[in-house]
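Colleague: Dumping the structure here so I can ask a few things about it.
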Amino acid sequence: MAEQAKWYVIHTYSGYEQMVKETLEKLIVNNNLQNQILEIKIPMEETIEEKAGGKKKVVLRKILPGYVFVKLVLSNDLWYLITNTRGVTSFVGPHGRASALSADEVKRMRLETHVNEDQIDFTEGDKVRIVSGPLMDTEGIVTFLSLPSQKAKIKVQIFGTETELEVELVQLQKI
């Protein structure tokens with residue numbers, strides 16, 4: 001059943017994302033839904049905020065406020081349970097009906113952080129593009145690939161200088 005699971009987006013009231021996530025996690029345990037709802041994520045990024053007195057602080061911010069991402073095997077019962085959860089306005093999709101994210105969207109949102117060997121379409125020596133993060137759209141050549149660490153080293157041109165970067169596999173796409 002887990003193979004049928006897809007990523008869906010739930011729209012929430014602003015500021016309710018964490019509460020919705022915690023409520024859904026309780027719903028999973030209380031209704032024994034571990035085989036139907038596999039993952040719940042609120043995509044976050046680290047940013048640096050400047051505080052009074054010039055002090056800088058690293059803070060976690062929601063990338064898309066008002067949205068929670070859920071990997072599940074959708075059924076009418078689950079749709080009903082989720083849409084009737086406090087703080088949830090609807091699923092994202094036409095007319096409030098759930099529409100699954102494409103594989104490309106899942107990769108861009110970095111929802112799947114582990115990449116299997118059969119999901120990688122590039123090897124050492126191939127030309128790739130970084131598809132997310134601060135160096136998005138930078139192109140380079142793969143010089144090293146490691147499945148256990150889920151990272152690759154790529155050689156890129158930055159400011160006219162050839163530099164080797166270490167990048168997560170989910171951030172790369174073959175050109």
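Colleague: Identify all residues within segment 76-122 that are farther than 17 Å from residue 174 by Cα and polar (S, T, N, Q); write none if there are none.
Modeller: Answer for segment 76-122, where residues must be farther than 17 Å from residue 174 by Cα and polar (S, T, N, Q): 76, 83, 84, 85, 89, 90, 99, 102, 113.
Colleague: Would you pick out the residues in segment 143-173 that are surrounded by 12 or more Cβ atoms within 10 Å (Cβ to Cβ), of a type in the set (D, E, K, R) and over 19 Å from the mean Cα position of the chain (by Cα)?
Modeller: 153, 155, 164
Colleague: Quickly run through segment 117-134 and pick out the residues that are out of contact with any strand residue (DSSP E or B) (no Cβ under 7 Å at 6 or more places or on another chain) and either in contact (Cβ under 8 Å) with a residue 12 or more places away in the chain or buried (at least 17 other Cβ atoms within 10 Å of the Cβ) (or both). Working first, answer last.
Modeller: Going residue by residue through segment 117-134, those that are out of contact with any strand residue (DSSP E or B) (no Cβ under 7 Å at 6 or more places or on another chain) are 117-120, 132-134.
Hits for segment 117-134 are 117, 120, 132, 133.
Colleague: Looking for something more than 28 Å from residue 162 (Cβ to Cβ), of a type in the set (Lys, Arg) and at pLDDT below 85 - is there at least one such residue anywhere in segment 91-102?
Modeller: yes
Colleague: Now for a different question. Filter segment 1-28 for residues that are of a type in the set (Asp, Glu) and over 17 Å from the mean Cα position of the chain (by Cα) and give the result.
Modeller: Narrowing segment 1-28 to residues of a type in the set (Asp, Glu): 3, 17, 22, 25.
Listed by number, the residues that qualify are 3, 22, 25.
Colleague: Could I ask something else about it? Applying the selection to segment 112-146, what residues are part of a loop (DSSP other than H, G, I, E, B) and among the aromatic types (Phe, Trp, Tyr)?
Modeller: Listed by number, the list holds a single entry, 122.
Conditions tested, residue by residue: (1) touching a residue at least 12 places away in the same chain (Cβ under 8 Å); (2) under 18 Å from residue 21 (Cβ atoms); (3) part of a helix (DSSP H, G or I).
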site	(1), (2), (3)
38	yes, yes, no
46	yes, no, no
49	no, no, no
58	yes, no, no
65	yes, yes, no
71	yes, yes, no
110	yes, yes, no
148	no, no, no
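The values are calculated or read from the model by the stated rules, or taken from the named source; none is laboratory data. Small disclaimer: the values here were computed from a predicted structure and weren't measured. All Cβ positions, even for glycine, are placed from backbone atoms using ideal geometry, and neighbour counts span all protein chains on display.
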